[in-house]
1. Output the number of the condition that A:Trp230 fails; it satisfies all remaining conditions of (1) touching a helix residue (DSSP H, G or I) at 6+ places or on another chain (Cβ under 6 Å); (2) outside the structural domain of A:Leu334 (by TED's automatic domain parsing).
2. Within region A:1-118, considering only strands (runs of 3 or more DSSP E) that don't extend past its boundaries, which have at least 1 residues that are of a type in the set (Asp, Glu)?
3. Identify all residues within region A:351-363 that are modelled with pLDDT of 85 or more and either in a loop (DSSP other than H, G, I, E, B) or of a type in the set (Lys, Arg) (or both); write none if there are none.
4. Kindly indicate which of A:Gly298, A:Gly289, A:Gly265 is touching an Asp or Glu at 6+ places or on another chain (Cβ under 6 Å) and under 30 Å from A:Tyr375 (Cα atoms).
5. Can you tell me which residue in region A:26-42 is farthest from the other protein chains (Cβ to nearest Cβ), limited to those that are of a type outside the set (Gly, Ala, Ser) and touching an Asp or Glu at 6+ places or on another chain (Cβ under 8 Å)?
6. Looking at the structure I just gave you, is A:Ser110 out of contact with any helix residue (DSSP H, G or I) (no Cβ under 6 Å at 6 or more places or on another chain) and either within 16 Å of A:Ile241 (Cβ to Cβ) or among the polar types (S, T, N, Q) (or both)?
7. Which numbered condition trips up B:Thr242, out of (1) at pLDDT 80 or above; (2) among the β-branched types (Val, Ile, Thr); (3) farther than 18 Å from B:Thr166 by Cβ?
8. Here is a list: A:Leu334, A:Leu326, A:Leu279. Which entry is assigned to a helix (DSSP H, G or I), at pLDDT 85 or above, over 27 Å from B:Ala228 (Cα atoms) and among the hydrophobic types (A, V, I, L, M, F, W, C)?
Amino acid sequence: MRAALAQASLIRHRARTLLAVLGVAVAAAMLLDMVMLSTGMRESFRELLVSRGFDIRLAPKGTLPFDTDATIPDVAAITSVLRNNADIREISPVLGASIHIPVGNRDVSSAVLGIDPSVQGDYEFLSGRDVTTADAIVANDYLIRQLGARIGDTLAVATGYDPQTRTYTGQRKLVLTGRARFIYGAAEQSASAVRRETLEAMEGQARHDRASLFMIRVRKGADPDRVREWIETYIPSVSAISVATAIAQVDQRLSYFRQLALILGAVSLFVGFLLVTTLVTVSVNERSGEIAVMRAIGVSRTHVVQQIVLEGIAISLAGALIGLGLGLVTARYLNAILSAFPGLPMAIDFFLFQPDAVWIALGLLIASGIGAGIYPAWRAASLPIAESLRREAIA
Amino acid sequence: MLFTLLGALLIQAQQNSPRTIAIDESLAAKANLRLGDRVTISARPGGDDFAVMTATRAGYTPGVAAPETVVVGAIVRRGADPSEVARGDFLVRMHLDQLQSVSGYGDRVDRFAIATRPSARIGALVERINRVAFGFRAYRSRDIAVETSRTFQVVSRFHRAIGLITIVASSVFLLCIMVLKVEERRRDIAALRLMGISRWSVVQSIIIEAALVAVLGSMLGVALGWAASLFVNWHYQALYRTPLEFSIVTLPIVAVAVSLSLLLGIGAGVLASLRLVRTPPLVLFGR
């Protein structure tokens, strides 16, 4: 009965109901996008960090991984200390550097990682052969295109290049053995990997027994934060960064987007709320005589309130359902814009679809629909019956 | 003789006294440093006495030079550089030779900045330098600015997209409010029509009313936007410790917002009023 009356009231003014639903839909789309933005970035980054199963990163003291060119000395000694902790399952030291490869008259440069292929967590191997030998190098598609090379080609790879004299240092012949997708690399960024001992040998004594980063996998069930604290106690020359710490630091750097999401989300919700409140209030004002008649023939206040609140919920729900679909489309568009950030890893999404985001947006919209119906419902319930009937009769 | 001796003593004292550096406000706050404090600077992080990291991000060979003790001679406010805003880096300014020594950089620099005379033909000058350059390249500052501001171009595109969605939402909202506002006056309009007032006069009156509502609303919106802009600048300048203006309300922006609102208001008024004047007055009365 209540639902039928609410439906009749909404259908009576089709144009205004349609406009209100459309308005709520746009607000709902914006709200969903902002909920996705506020949580998606963090979740996407967390997924990226844990995708290869490493729980802790060690960087030179006071720095973030690969934020500077600083390196950690005494890799062998640090590895030996780390092995004393039974909670540490796997250790992957990584040395980062730049390489230069002459191609005709051009110099092609790229980032290179010195890794141990059996424990590396920096790339997904796509085709060919991994760096199983000392003279092997794997590269991403972008670098392979830049080089115009094919798997099996021999490249003259150097770790130093003096543009003034156009001479290369630390040069070595390496065979391009495979293609890889570097997890932390940007779309248009050259990246390659060789064995760590190969890179150390090419870099000379200055980089001997050094690493830019250690990636550590802890035993299942062990607490990564306890392991992190243990590492910082026993190896003071490094900063140990757990997934939670890394996320907190990214949160700090990208706090602008979270705050923007919060503000725009709140504004969207408020606009939707205002729209539904206005519409239902106008509808109640127009139907004051009708409501007075209902009250006069014995319809209870609760019944009237429920009918009005139901109208608000119906508009909010219809708008929310359309808006959630619209929000997913706009989220893809907005994500494509932000994916163009220079140096952003390909795997990072600013707008990540999560069912939780949809439920949060839907819950907020329904709550706002209920809230929007409360004022007009209160007005309807407190209408003076006799006076309203008299006014209606005169009109 | 006395002056010579004093001069020599002064020079020796200057040579023995540590050199000064300038640090930015955020580093001073984070490391609790004050003017006159002594700190040890090193290109190699991780030492027990490590306090300050050099500003260069690339090119140095860690551990080549010994750490150096210096005095904080100045605490500076950083310039409004958008590319540094979210990085949270600290900045230390020191003499070139001092940085070259600490970082083990030798007689090298990352770049030269060249100021030209106002009458100089910069394009020709860049071309000339590049013709004779050996191992380096000259760029116009403008081109470098474009390249380094890619992050902000992306943010700007994102803001434009959000702005577009906001405009769509506002249009629907405005149209809905106008339809409601006009429909609320069905009986007034019916009475006017029955009294012989022409349809066009009714439409005109509603359009004027819609335009007035739009102008008043947009004025209120401009005031709200201006206050929000003040808050945004205050908040983000404090958060990122930068004098950068994050939000600027300019006359063209106000003009665009008011015009758009006026246009939407009038459009909504026309649509809503046409809908009503086409309906027979008795139907509007509910008869």
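1. Going through (1) touching a helix residue (DSSP H, G or I) at 6+ places or on another chain (Cβ under 6 Å); (2) outside the structural domain of A:Leu334 (by TED's automatic domain parsing) one by one, A:Trp230 breaks only (1).
2. A:88-103, A:106-115
3. A:Phe351, the sole residue that qualifies.
4. Every option except A:Gly289 fails the conditions.
5. The extreme case among them is A:Thr39.
6. So A:Ser110 fails the test.
7. Result: B:Thr242 fails condition (1) only.
8. A:Leu326
The values are calculated or read from the model by the stated rules, or taken from the named source; none is laboratory data. Note that the structure is predicted; figures quoted are calculated from it, not measured. A quick note on method: Cβ atoms are made from the backbone with ideal geometry, for glycine too, and the neighbour counts reach across all protein chains shown.
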